[in-house]
Each structure stands twice: as C-alpha cells, then as structure tokens.
1. Scan region 46-55 and give yes if some residue there is surrounded by 12 or more Cβ atoms within 10 Å (Cβ to Cβ), at pLDDT 95 or above, out of contact with any Cys (no Cβ under 8 Å at 6 or more places or on another chain) and under 22 Å from Phe19 (Cβ atoms), otherwise no.
2. Find the residue count for region 25-41, including only residues that are surrounded by 19 or more Cβ atoms within 10 Å (Cβ to Cβ) and over 12 Å from the mean Cα position of the chain (by Cα).
3. Please pick out the residue among Ile23, Ile39 that is under 24 Å from Lys5 (Cβ atoms) and modelled with pLDDT of 95 or more.
4. Quick check on Leu109: is it surrounded by 14 or more Cβ atoms within 10 Å (Cβ to Cβ), in a loop (DSSP other than H, G, I, E, B) and in contact with a helix residue (DSSP H, G or I) (Cβ under 9 Å, 6 or more places away or on another chain)?
5. Considering every residue within region 45-63, establish whether at least one is touching a residue at least 12 places away in the same chain (Cβ under 8 Å), within 25 Å of Asn8 (Cα to Cα), touching a Gly at 6+ places or on another chain (Cβ under 7 Å) and of a type outside the set (Lys, Arg).
Amino acid sequence: MWPGKWRNVSFAMGIVLIFLGVIWLEKLYTGVTFVSLGILLVLLRQASWMKRFILSYLVLLVPFFVVNGILTGTGIQEEVVFYNDHENLGLRLFTIPVEDIFYGMLLILLNVAGFEWLRSKSLDGAGESIGK
C-alpha cells in the first residue's frame, strides 16, 4: 500500500504545506514551519519508513495535546508558553496554536530522517568491513 497511496499522501501534503507557507510567509512561525515541513515531506516521500512515521505521529498527537495544552494554558491560571499571534494564524485547538502540530511533526521527522540516514550509512559501512 505504501508505494502508491502513502507516497502520494506525503507528496500532496508537502505541496499543500509549501503553498500555504508561501501564502502566509508574513506570519513567520506559520510560513517557516509550513514551508520547511512541506519541503521535507516532498524530499522524503520515497522513504520506506514514511508510512510508519505518519501513523506513529498520529499516535504521538495524544500526549502532544496533553503536554502542549498545559504549557499553553489549558487547566492552569497562566500559560507557561506564550505565542505572539502576529507571527502565527491565531487559530487554536483549545489553547494550542495549529502550527504547533506541524512544528512538532517537523522536529520529529528531522530526527527520524537523520537517524535513518545515519543507520543506513552504518549498515553500508558494516557490510564493507565484513567483506574485507
């Protein structure tokens, strides 16, 4: 199922995010987050692990909403983290800026991609040393 459908999902999501990021580039947090994640999704669309990443990220959204919700003011008197709505869209899910969902995905995807790249280099090197 991944080679066609999930690759297309990643590519389409990346293109939409790049487009939206360019439209909202004056909102720095929104623009940079959307364009960066969009480019990364387009570049990594062929990765064999992308389906697992997207499905895992959907699961990670549960603790994300709990922790980020508390940090941005859900259930407490004052928020710990304050967002300047002049730099984002001002759209919130509960108290969480919508952009945070994509920013979190960007940060985790960068780490997973880096790990997978290093792992592939390590496996390449291991195969070479075994053969020598």
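1. Checking region 46-55: not a single residue is surrounded by 12 or more Cβ atoms within 10 Å (Cβ to Cβ), at pLDDT 95 or above, out of contact with any Cys (no Cβ under 8 Å at 6 or more places or on another chain) and under 22 Å from Phe19 (Cβ atoms).
2. Total meeting the criteria: 4.
3. Working: Ile23 fails: under 24 Å from Lys5 (Cβ atoms).
Just a single option satisfies the conditions, and that option is Ile39.
4. Here the answer is no, as Leu109 does not meet what is asked.
5. Scanning region 45-63 turns up no residue that is touching a residue at least 12 places away in the same chain (Cβ under 8 Å), within 25 Å of Asn8 (Cα to Cα), touching a Gly at 6+ places or on another chain (Cβ under 7 Å) and of a type outside the set (Lys, Arg).
Quick grid of which residues meet (1) within 30 Å of Arg7 (Cα to Cα); (2) under 19 Å from the mean Cα position of the chain (by Cα); (3) not basic (Lys, Arg):
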residue: Gln46; (1), (2), (3): yes, yes, yes
residue: Met50; (1), (2), (3): yes, yes, yes
residue: Val67; (1), (2), (3): no, yes, yes
residue: Ile76; (1), (2), (3): no, no, yes
residue: Val81; (1), (2), (3): no, no, yes
residue: His86; (1), (2), (3): no, no, yes
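The values are calculated or read from the model by the stated rules, or taken from the named source; none is laboratory data. If you're wondering where the values come from, they're calculated on a predicted model, not measured in any experiment. Cβ coordinates were reconstructed from backbone atoms using ideal geometry, including for glycine residues, and neighbour counts include every protein chain displayed.
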